[in-house]
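Trainee: Got a structure for you, questions after.
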Amino acid sequence: MKLPFWVRKAHKWIGLVIGVQALLWMISGVYMTAISLDVIHGDHLAHVSDASLDPKTPRIDLGQIAERFPQFDSLKLKTFLGKEVYEVAAAGKTHLIDAASGTLLSPLPREQILARAKEIYQGEAEVREVTWITKAPQEVASRAIFAPMWAVHFDDRANSTLYFSPQSGELLARRHDLWRWFDFLWMLHIMDYDTRTDVNNLLLRVAAGVGLAFALSGAWLVFYSFRRRSAA
């Protein structure tokens, strides 16, 4: 049998193998380019801004903090629920301290996290549920080092969820259905069905190589076809 026969046969079978994945690449690519990353990131869901600090506000002496947390790594003065607090990082942990009284606030209870969520949420929906999470779910796997954490679920059309650190009150992540679809399609796009982060995995490399073979065999067939017509 001649070479064109085998090239056509190979092109057909390679197309059957890679066709479904190529379709998934196109579908996921359209979705990822059609929706703004600002929307995907959930910037519209919650707005976090630090209130200005009043230099006249009475605060505890920093020496008291140094006594409680010797050789602390960092110290930050900020506001939380309208109150000035110190965020202290020491021995790999974060602690929140009332700047006026020196009272240790962390870990923050459900009521304060709920109040913080309502304060920064930009929608009008009510809170559906507040959950304490000891193991980070897939949608916040990149924030797993902060677990346990609080999750505040809102009863809106996008099923929005805000994740908070119980130690610092920091907003760790914004999640909603458009983000979840993006994450799912991203998984299909890069073919990493485990962590959804490895864009250099073996499966993707093999699929890319097969796709290249499909394109090259098709290009050869087109060239051969035109050349054969010219000869005729």
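The values are calculated or read from the model by the stated rules, or taken from the named source; none is laboratory data. This is a predicted model, so every value here is computed, not measured. Methodologically, a virtual Cβ is constructed for each residue, glycine included, from the backbone with ideal geometry; neighbour enumeration extends over all protein chains shown. To get the accessible areas, we keep the full protein, side chains included, count just its heavy atoms, and leave off ligands, DNA and RNA. Shrake-Rupley method; radii C 1.70, N 1.55, O 1.52, S 1.80 Å.
Trainee: Return the only residue of Ala46, Ala51, Ala10 being touching a strand residue (DSSP E or B) at 6+ places or on another chain (Cβ under 8 Å) and modelled with pLDDT under 80. So that I can check it myself, show each step before the final result.
Mentor: Values: Ala46 fails: modelled with pLDDT under 80; Ala10 fails: touching a strand residue (DSSP E or B) at 6+ places or on another chain (Cβ under 8 Å).
Result: Ala51 is the single residue among Ala46, Ala51, Ala10 that is touching a strand residue (DSSP E or B) at 6+ places or on another chain (Cβ under 8 Å) and modelled with pLDDT under 80.
Trainee: Here's another thing I want to ask about it. Among the residues of the range 67-81, which ones are more than 12 Å from Ala99 (Cα to Cα) and loosely packed, with under 14 Cβ neighbours inside 10 Å? Can you show your working first?
Mentor: The first filter runs over the range 67-81 and keeps only residues more than 12 Å from Ala99 (Cα to Cα), leaving 67-74, 81.
Across the range 67-81, the qualifying residues are Glu67, Pro70, Gln71, Asp73, Ser74, Leu81.
Trainee: Inside the range 138-162, can you point out the residues that are in a loop (DSSP other than H, G, I, E, B) and more than 18 Å from Ile40 (Cβ to Cβ)?
Mentor: Applying the first criterion (in a loop (DSSP other than H, G, I, E, B)) to the range 138-162 yields 147-148, 155-160.
Scanning the range 138-162 gives Ala147, Pro148, Asp155.
Trainee: If only one of Gly29, Gly63, Gly102 is touching a residue at least 40 places away in the same chain (Cβ under 8 Å), over 30 Å from Thr131 (Cβ atoms) and part of a helix (DSSP H, G or I), which one is it? Please lay out each step first, then the result.
Mentor: Numbers: Gly63 fails: touching a residue at least 40 places away in the same chain (Cβ under 8 Å); Gly102 fails: part of a helix (DSSP H, G or I).
Answer to the selection: Gly29.
Trainee: Just for the range 105-131: of the residues that are in contact (Cβ under 8 Å) with a residue 24 or more places away in the chain and in a strand (DSSP E or B), which one is most open to solvent (accessible area, probe 1.4 Å)?
Mentor: Arg128
Trainee: Same structure again: If I filter the range 16-61 down to residues being touching a Ser or Thr at 6+ places or on another chain (Cβ under 9 Å) and within 17 Å of Lys78 (Cβ to Cβ), which single residue comes out as surrounded by the fewest Cβ atoms within 10 Å (Cβ to Cβ)?
Mentor: Ser52
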